[in-house]
1. Anything in the stretch B:292-307 that is surrounded by 16 or more Cβ atoms within 10 Å (Cβ to Cβ) and either in contact with a Pro (Cβ under 9 Å, 6 or more places away or on another chain) or among the aromatic types (Phe, Trp, Tyr) (or both)? List them, or say none.
2. Please go through the stretch B:1-60 and give me each residue that is in a helix (DSSP H, G or I), of a type in the set (A, V, I, L, M) and at pLDDT 85 or above, ordered by number.
3. Inside the stretch A:180-202, can you point out the residues that are in contact (Cβ under 8 Å) with a residue 60 or more places away in the chain and not charged (D, E, K, R)?
4. Checking the structure you have, find out if any residue of the stretch A:207-214 is in a helix (DSSP H, G or I) and in the same structural domain as A:GLU159 (by TED's automatic domain parsing).
5. Name the single residue that is farthest from the other protein chains (Cβ to nearest Cβ) among those in the stretch A:112-157 being in contact with a strand residue (DSSP E or B) (Cβ under 7 Å, 6 or more places away or on another chain) and of a type in the set (Ser, Thr, Tyr).
6. Which condition does A:SER43 not pass, out of (1) at pLDDT below 95; (2) under 18 Å from A:GLY237 (Cα atoms), if it passes all the others?
7. So which of A:LYS91, A:LYS85 is surrounded by 16 or more Cβ atoms within 10 Å (Cβ to Cβ) and either more than 24 Å from A:PHE220 (Cα to Cα) or not acidic (Asp, Glu) (or both)?
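The values are calculated or read from the model by the stated rules, or taken from the named source; none is laboratory data. A quick note: this is a predicted structure, and the numbers were derived from the prediction, not measured. Heads up, the Cβs are rebuilt from the backbone with ideal geometry, glycines too, and the neighbour counts pull from every protein chain shown.
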Amino acid sequence: MLEVVSDSAEEWKTVAQAISTLIEEATFVATPEGLNLRAMDPSHIALIDLRWPNTAFDKYSCDQNYTLTVRVDDLLKVLKRADSKDRVELKLNEDNTLELTLRNGYERNFTIHLVEAQYSQTPLPKVTFNITARLKSTIVRQILEDIKTISDHVAIKAEQGKLTLSGKSESGKVSVVVSKDNPELEELNVKDPGEATYSIDYLSNFSKSMGAADSLALSFSSKMPIKLEFPLGKKGGNVQFYLAPRVD
Amino acid sequence: MPLIKRRRVSQHVGVDLGPLVKGRHIISLEELNQKVLAIDAYNSLYQFLTIIRGEGGEPLMDSHGNITSHLSGLFYRTVNIMEKGAKPLYIFDGKPPELKEREIVRRSQLKKNAESMMYEAISRGDTEAARRFASMSSRLTESMVSDAKSLLSCMGLPWVQAPSEGEAEAAYLTSKGVAWATVSQDYDSLLFGSPRLVRNLTISGRRKLPRKDVYVNIVPELVILNEVLKEIELTREQLIDVAILLGTDFNREGFKGIGHSRALNFIKKYGRLEGIVELQSELAGLDYQSIRHIFLEPSVTDIDPPVWKATDKDAVVKFLCDEHDFSRERVVSALERISLPSTSQSLEKWF
């Protein structure tokens, strides 16, 4: 038996949005402790790791482990119909369907079919992060849009006290500096200065899916994968996103 | 029509294992990002020569009368997979095993027949038949092969000269981990021990069904050797015996009256060819030990780690457009697709 109730649709919307940037079918693993999801995009460039403890829900009943695979598009379409203030009830039916009920005065009931899982265990990348930073999510989105005007990749360089994000292409170049003087850069910790380049589409799509989270933690090392992380709601949920660097 | 001076080169038809291969995985080109693909070059070039033809069945040609269908296929299809970050490694056939000689002579005769049928169809104005016979008469000449190698070098791509069968070398490099998968339309690389085979990669897209005015979508698929063997409950050695019953490139005719299910049942029942009491007299007339040996101990070689270099755009344009009359506009725009800043690495590197 699996029944999960959230008092706001906001977090579900964020989850569906974030995973839709990478995969078409999502396998959630429900345990008595909470809901989890870990998946890579088909090209294995990016990975998403969602941890959503039972304490983050209004009601969470799960008597054993379940894996449920949904078409992300199906889930996203239903959740787009929800207002952020709607209460979301999710129930796994015995006929292999997922029942989603949106409540806000009246009640709307959706049933979507689960699909067969092509589930495989994915490890997390082993990376020692020499650079960690925390930025306002709005400025991250702005900077990525700035760089996107010129380039489809972004070089991120960390020195003591500042981050430089830049891009270049045949049409020109762009760079943005955020230093400790900018309130948008909430934290910066540089153990070892470094630089790495990443595909901008992945970063930009992911940063747009952050929902209400107002700051974003970013960790990377020279020529290594980058990790972006934001809290999902205020009760312990968490979304991590890893992205491989570009080939030099 | 100018006749091209040609020497005989080995040709691929392969073993028809299709009906026995279960559990194909549909894959997207994106999944091949940063993966090395050992591509059977002759198999691909034949596909291009057969498929890439004009309305009347004639191959593409430059203004000097040289056939260019194989170059067109090799260039545009390779660009498609490179654009998704895959690393192609073309493997060319070397000297065919002696047992293949008879088969090569037989095919050469078939092609000659098809060629005269084609001219006959053209003269009576039957374009559908002409097209069919034209594709049956496709021949790969040594100059086509050397053109293909030149093009790959201009594109910055490594290629490998196999000592004998390209398919065997591709399987060997894949089993050694140099490549992630072999790429071919044939299933022979499974018999040669390739752990992974990708089919329909260089011919994906819309394709006309032979003899019908119907088009189908061909999508790339991944076949995993272990899964195939597990599904039919055979070892690779036993699958080779099944293939010998069905007919391989080294005993094309196979065994009379034996199809997929009988072949499979025989090997399941008796374990190996030697045990099949019903076929003792036929088996006595076939050197099946040598055929097994070709699949189990093929002539292969180790290679230096392959290097993928930047595409020499000017050289590609000069070769394709100046020498072989390709459309400059199309070639340049295809080159742009692979000259984007290099692609992303795979996270697997950090697992």
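1. B:ILE294, B:PHE295, B:PRO298, B:VAL300, B:ILE303, B:PRO306
2. B:LEU20, B:LEU29, B:LEU32, B:ALA41, B:LEU45, B:LEU49 - these are the residues of the stretch B:1-60 that are in a helix (DSSP H, G or I), of a type in the set (A, V, I, L, M) and at pLDDT 85 or above.
3. A:VAL190, A:PRO193, A:GLY194, A:SER199, A:TYR202
4. yes
5. Looking at the filtered set, the residue picked out is A:SER137.
6. Condition not satisfied by A:SER43: (2).
7. It is A:LYS91.
Residue by residue, here is whether (1) over 30 Å from B:SER153 (Cβ atoms); (2) within 14 Å of chain A (Cβ to nearest Cβ); (3) part of a loop (DSSP other than H, G, I, E, B) holds:
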residue: B:SER261; (1), (2), (3): yes, no, no
residue: B:SER290; (1), (2), (3): yes, no, no
residue: B:PRO306; (1), (2), (3): no, no, yes
residue: B:LYS309; (1), (2), (3): no, yes, yes
residue: B:LYS318; (1), (2), (3): no, no, no
residue: B:CYS321; (1), (2), (3): no, no, no
residue: B:SER333; (1), (2), (3): no, no, no
residue: B:ARG337; (1), (2), (3): no, yes, no
residue: B:LYS349; (1), (2), (3): no, yes, no
